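The structure under discussion appears below in the form of structure tokens.
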Amino acid sequence: MHFESPWSFLLLFLIPFLIWFRHIRVKPGTVRFPTIRNAAEAGKSIRQSFTWLPDFLRILALICLTVALARPQTGIEQIREITQGIAIEMVVDRSGSMGAEMEYKGEQMNRLEVVKRVFKEFALGNGRDLPGRSNDLVGIISFARYPDTTCPLTLAHGALTPFIENIKLVKTRAEDGTAIGDALALAAARLKKADETTALQKKMGIDPYRIKSKVIILLSDGKNNSGRRDPIQAAELAAKWGVRIHTIAIGGGDAATSIRTPFGVYKLPKRQGVDVDTLKTVAEKTGGFFRMAEDDESLREIYEEIDRMEKTEIESVKFVNYKEAFFPFIIALLFLTGLEIFLTATIFRKIP
């Protein structure tokens with residue numbers, strides 16, 4: 001067992017002092033007898049034999065309190081100590097066109113859902129071809145007419161799942177649009193800020209997480225039609241800050257959207273609008289690559305390619321088997337304190 005705050009055990013030295021202080025405060029009786037020999041020969045009752053019990057319970061309660069303050073820890077939690085890795089920003093299109101259908105493991109669902117599921121495999125691992133990016137900072141930017149930071153760059157990948165699930169298709173026409181340029185610029189700025197933060201920590205003498213390289217993975221099925229920045233301008237900005245952009249065009253082939261009506265489910269053809277030339281140029285300007293993903297298998301293969309390209313070495317891994325274990329001592333403290341109060345108010349009550 002490990003104690004997070006072992007200095008708390010110094011409080012145990014106060015217990016003898018509290019016993020002594022309580023002893024000197026006890027006043028002698030004021031009723032005088034010519035002799036107490038007969039009283040001594042009369043023996044003690046059971047109650048008198050256990051008059052020490054409330055004080056003993058109080059001492060045990062103080063010991064439990066001290067142990068709880070020392071924070072005993074045990075368990076099997078593993079903590080990885082990672083010193084360097086890659087900072088990855090996922091830039092995901094959630095415009096209305098991403099509602100077109102796409103295949104995922106033989107099931108038809110909208111493109112956005114397929115992108116989310118395969119991205120989870122890439123970030124967290126799928127136990128097969130994608131081991132996960134446990135050593136890398138991963139963040140998410142989602143965009144339609146406006147870009148939003150859905151998840152900040154983090155090593156706590158367990159928190160990614162709820163953020164991914166919160167990415168939804170736009171619901172109103174006012175939100176709809178495809179601001180690829182603004183989304184890329186925001187992602188590049190987030191990566192630049194993370195790099196500046198680690199550099200500042202290093203100057204302050206703190207051993208920071210080192211960012212080996214900065215990468216943006218853009219997934220979109222449309223062309224830039226909103227926002228202030230052109231995608232090419234955003235790519236130039238990213239290249240200036242040392243950020244590499246991999247672009248993935250989602251869709252291809254015949255696209256359709258399922259519409260439910262009282263007469264059944266009908267598929268409506270959807271016009272392809274992905275701007276392949278712009279996505280290729282964005283990738284080339286930053287040293288990345290362009291790929292087309294028509295289904296979940298091709299998208300997974302692209303992530304496998306990225307996984308092979310964007311590698312980093314783990315410098316050290318630390319396993320700490322600590323879990324908080326002070327709660328039973330708190331329960332014992334409350335029980336002992338309550339029992340002492342009950343006994344002093346009933347069986348061992350003193351008058352006056």
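The values are calculated or read from the model by the stated rules, or taken from the named source; none is laboratory data. Since we're looking at a predicted model, the values are computed, not measured. Reconstructed Cβ throughout: ideal geometry from the backbone, glycine too, with neighbour counts over all protein chains shown.
At least 3 residues that are modelled with pLDDT of 80 or more, of a type in the set (A, V, I, L, M, F, W, C) and touching a Phe, Trp or Tyr at 6+ places or on another chain (Cβ under 8 Å) in each: list the helices (runs of 4 or more DSSP H) lying fully within the stretch 1-78 that qualify. Give the steps one after another, and end with the answer.
Working: elements: 14-25, 37-41, 46-49, 53-69.
Ranges flagged: 53-69.
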Filtered residues of the stretch 296-336 (kept if in contact with a strand residue (DSSP E or B) (Cβ under 8 Å, 6 or more places away or on another chain) and modelled with pLDDT of 85 or more): 296, 298, 299, 302, 305, 306, 329
Single match in 189, 183 (criterion: in contact with a strand residue (DSSP E or B) (Cβ under 8 Å, 6 or more places away or on another chain), at pLDDT 90 or above and not charged (D, E, K, R)): 183
Which listed residue, of 148, 136, is among the charged types (D, E, K, R), surrounded by fewer than 21 Cβ atoms within 10 Å (Cβ to Cβ) and closer than 19 Å to residue 87 by Cβ: 148
